[in-house]
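Scroll down for the structure; my scribbles are underneath it.
The values are calculated or read from the model by the stated rules, or taken from the named source; none is laboratory data. Quick caveat, the model's predicted, so the values are computed rather than measured. Cβ placement follows ideal geometry from the backbone for every residue including glycine, while neighbour counts extend to all protein chains displayed. For the accessible areas, the whole protein counts, side chains as well, though only heavy atoms, and no ligand, DNA or RNA atoms are used. Shrake-Rupley method; radii C 1.70, N 1.55, O 1.52, S 1.80 Å.
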Amino acid sequence: LRGLIKRLRERTEMLREKAIDPYATSPEITPPVTPILKKEDYIRKKEEERIAKEEADKKKAEEAAARAEEKKKKDEEKRLEAEKKEMERKLMEETRKKPKALPDISCSCFDILFHRRYVAWLTVVALAYNYNIWFCSARLAFPYHNQAVNPYWIVFDILSDTVNVIDIMVWQPRLQFVKAGDIIKDRAMTKMHYRKSQRFKTDIFSILPFDLLCLHFEFSSMYRLNRFIRIESFFEFSDRLESILAKAYIWRVARTTGYLLFMLHLNACAFYVASVYQGLATTTWVYDGKGTAYLRCYYFAVRSLINIGGLPEPITTFEITFQMTNFFIGVFVFSSLIGQMRDVIGAATAGETYFRASMDGCVAYMHTYTIPRLVQNRVRTWYNYTWAAQGMLDESELLDKMPLVMRTAIAVDINLATFQKIALFQGCDQQMLVDMLLRLKSIVYLPGDFVVKKGDIGKEMYIIKSGAVQVVGGPDNSIVFVTLKAGSVFGEISLLQSAKDGGNRRTANVKAHGFANLFVLEKKDLFDILVHYPESQKVLGEHANSTQKGRDANPRPSCCEATVLTTQPPCCPHTVHVSVIYAKMINN
């Protein structure tokens, strides 16, 4: 009873406290009490909960959409891959099942962009095409068919047709092609690709032997006019030849000249046909039948189409109409050909024109400000040598137009071997060296120019591309301590030395011995690269510290100390040579 009374009293006390404090703990199990909030806080809380819920729903929807899109893309890739394999399989089956109309000669596929044998073969095809368009038109217009020469024409016709047949059967079915970004080299697929192309139909029509009609009719070159439609082979030859020539403008000029001569050839043929139609020697305007018919008619075509003048006056209506047509053709066709010739020559000399304009502008500037004659002559010498040595004033203008992969390949081929031999950069990341190569700048120094001077702030390192430089000293810099040639490196220590206590000061005089073309790497470019290569930065820092400790252990004499790292050119089989030259000058 006493225990029961005690518990009742405790319960009564707790209920009393509960009545006073509504947040006090109740002995019964009750749901949690919702805190009392102000209206503004309650509205803000609900709004935040709503926004959070919307964002969560939106995020879930975006993730679901991304997953669906990714799944759709993968399904599409699988479908395309399956279609591609199915198409290849069908092509292979068709190739195996289809009877071979042409013999299958074992030969690899040809890369039409870089295969020089294919370009050489296209030269033969182009000669065969030019034979057809020049001689067939001349034989059709002029009386060049008779019993004496017809066998020779037949032989040459057979030779040209043989070239075309070999091209269609052997070469064209083996040309690689690009499909969906892939280079197709499979022999069956290249053959099927060619035989389904429009060019194959044109080629087949161009070699149809209509010449056999001469067995029943008169021998004439009119039956060979279908050979003219194979003009695509000539244009292909022209494009491929331009791609492999170092000076493509020479071929462009020759091609344009050929177009001009062929137009005159066609006009000569037309003039002879017109003369025959009017009657030879019937008027003063037509061909009189004397001399070599082709040369006389060609001479007339030159004077008529180029509008030289001095031609006989046309008499009949037909002659007047023919001559007016000639004049119109001469105005439009030949003006366009001359304009094309001007563009070709202008494009070929654009670089030299830019060089001359730059040099003339610089000379005019020096005259305006009365620059000494000696400086003007050195500037002219620099312009002339730079243009003669590299054909341009700034190589970077050409390289900047190339993609990064091409620029990297060129830079690696020229200087990577030299960089790998530099003791300062040994142990560094190879990619860092490649990035450094892309930052190199080419500078040409004239004979006697000082590349660096003793006491200057060292901000660059140098690689000798061509020519030679000399480390000199003495009262008038007449003493030559060492001569550095192509492939040598100097000034690399100053890139990492601190300006504290003059650590990045040049310690020797270096001047150009003759014309010298140097690659320059600036300190700013090196530091920009090292940000991305912390490990290489540590390696270079260790090299710099060891170099500085070596200098502290061997104090510099009161005069001049020049430290030069020389390496043999990359093409030289000798080992790397490191020479430290101490030049001491006694103060007078």
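Checking Val286 against (1) hydrophobic (A, V, I, L, M, F, W, C); (2) surrounded by fewer than 18 Cβ atoms within 10 Å (Cβ to Cβ); (3) in a loop (DSSP other than H, G, I, E, B), only one condition comes out false. Which one?
So Val286 meets the others, but not (2).
Can you tell me which of Tyr365, Tyr298, Tyr354 is modelled with pLDDT of 90 or more, open to solvent by 80 Å² or more (accessible area, probe 1.4 Å) and assigned to a helix (DSSP H, G or I)? Outline the logic, then answer.
Details: Tyr298 fails: open to solvent by 80 Å² or more (accessible area, probe 1.4 Å); Tyr354 fails: modelled with pLDDT of 90 or more.
Only one candidate passes the filter, namely Tyr365.
Under 9 Å by Cβ, and 6 or more places apart or on different chains, what pairs join a residue from the stretch 261-278 that is assigned to a helix (DSSP H, G or I) and modelled with pLDDT under 95 with one that is open to solvent by less than 40 Å² (accessible area, probe 1.4 Å) and of a type in the set (D, E, K, R)?
That search, which allows pairs on different chains as well, returns Ala274/Glu319; Gln278/Glu319.
Check off (1) open to solvent by less than 50 Å² (accessible area, probe 1.4 Å); (2) closer than 30 Å to Phe210 by Cα; (3) under 44 Å from the mean Cα position of the chain (by Cα) for Ile229 and give me the number that stays unchecked.
(1)
Given Ile371, Ile320, which one is free of Cβ contacts under 8 Å to residues at least 12 places away in the same chain and in a loop (DSSP other than H, G, I, E, B)? First the steps, then the outcome.
Working: Ile320 fails: in a loop (DSSP other than H, G, I, E, B).
Sole residue among the options that is free of Cβ contacts under 8 Å to residues at least 12 places away in the same chain and in a loop (DSSP other than H, G, I, E, B): Ile371.
Report, by residue number, each residue of the stretch 453-470 that is part of a strand (DSSP E or B) and either within 33 Å of the chain's Cα centre (by Cα) or surrounded by 23 or more Cβ atoms within 10 Å (Cβ to Cβ) (or both). Give the steps one after another, and end with the answer.
Taking the stretch 453-470 as the starting set, the residues that turn out to be part of a strand (DSSP E or B) are 457, 460-470.
The answer is Glu460, Met461, Tyr462, Ile463, Ile464, Lys465, Ser466, Gly467, Ala468, Val469.
Each row is one residue, and each column tells you yes or no for (1) not assigned by the TED database to the domain that holds Ile463; (2) not hydroxyl-bearing (Ser, Thr, Tyr).
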{"residue": "Ala357", "(1), (2)": "yes, yes"}
{"residue": "Ile410", "(1), (2)": "no, yes"}
{"residue": "Ile414", "(1), (2)": "no, yes"}
{"residue": "Phe419", "(1), (2)": "no, yes"}
{"residue": "Ser442", "(1), (2)": "no, no"}
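Scan the stretch 436-443 and tell me whether some residue there is over 20 Å from the mean Cα position of the chain (by Cα), under 27 Å from Trp387 (Cα atoms) and not in a strand (DSSP E or B).
Checked against the condition, which is being over 20 Å from the mean Cα position of the chain (by Cα), under 27 Å from Trp387 (Cα atoms) and not in a strand (DSSP E or B), the stretch 436-443 yields at least one hit.
Going by the structure shown, is Lys179 loosely packed, with under 11 Cβ neighbours inside 10 Å and modelled with pLDDT under 95?
No; evaluated as a whole, the condition is false for this residue.
Can we say Phe235 is open to solvent by 40 Å² or more (accessible area, probe 1.4 Å), part of a helix (DSSP H, G or I), of a type in the set (Phe, Trp, Tyr) and within 27 Å of Ile158 (Cβ to Cβ)? It would help to see each step written out before you state the result.
On the way: open to solvent by 40 Å² or more (accessible area, probe 1.4 Å): yes; part of a helix (DSSP H, G or I): yes; of a type in the set (Phe, Trp, Tyr): yes; within 27 Å of Ile158 (Cβ to Cβ): yes.
Judged against the criteria, Phe235 is a match.
Filtering the stretch 177-221 down to residues that are in a helix (DSSP H, G or I) and of a type in the set (Gly, Ala, Ser), which residue is farthest from Tyr152 (Cα to Cα)? Working first, answer last.
Start the filter on the stretch 177-221 by keeping residues that are in a helix (DSSP H, G or I), which leaves 187-195, 198-206, 210-215, 221.
Pick out the ones that are also of a type in the set (Gly, Ala, Ser) and you get 188, 206, 221.
Numbers: Ala188: 39, Ser206: 22, Ser221: 13 Å.
Filtering first and then ranking leaves Ala188.
For His145, which of the numbered conditions (1) touching a Ser or Thr at 6+ places or on another chain (Cβ under 8 Å); (2) open to solvent by 70 Å² or more (accessible area, probe 1.4 Å); (3) outside any helix (DSSP H, G or I) fails to hold?
(2)
Identify all residues within the stretch 301-315 that are surrounded by 13 or more Cβ atoms within 10 Å (Cβ to Cβ), touching a helix residue (DSSP H, G or I) at 6+ places or on another chain (Cβ under 7 Å) and not in a helix (DSSP H, G or I); write none if there are none.
Ile306, Leu311, Pro314
Does Thr292 fit the bill of being open to solvent by 50 Å² or more (accessible area, probe 1.4 Å), in the same structural domain as Ala347 (by the TED database) and under 13 Å from Ala138 (Cβ atoms)? Spell out the reasoning first.
On the way: open to solvent by 50 Å² or more (accessible area, probe 1.4 Å): yes; in the same structural domain as Ala347 (by the TED database): yes; under 13 Å from Ala138 (Cβ atoms): yes.
So Thr292 passes the test.
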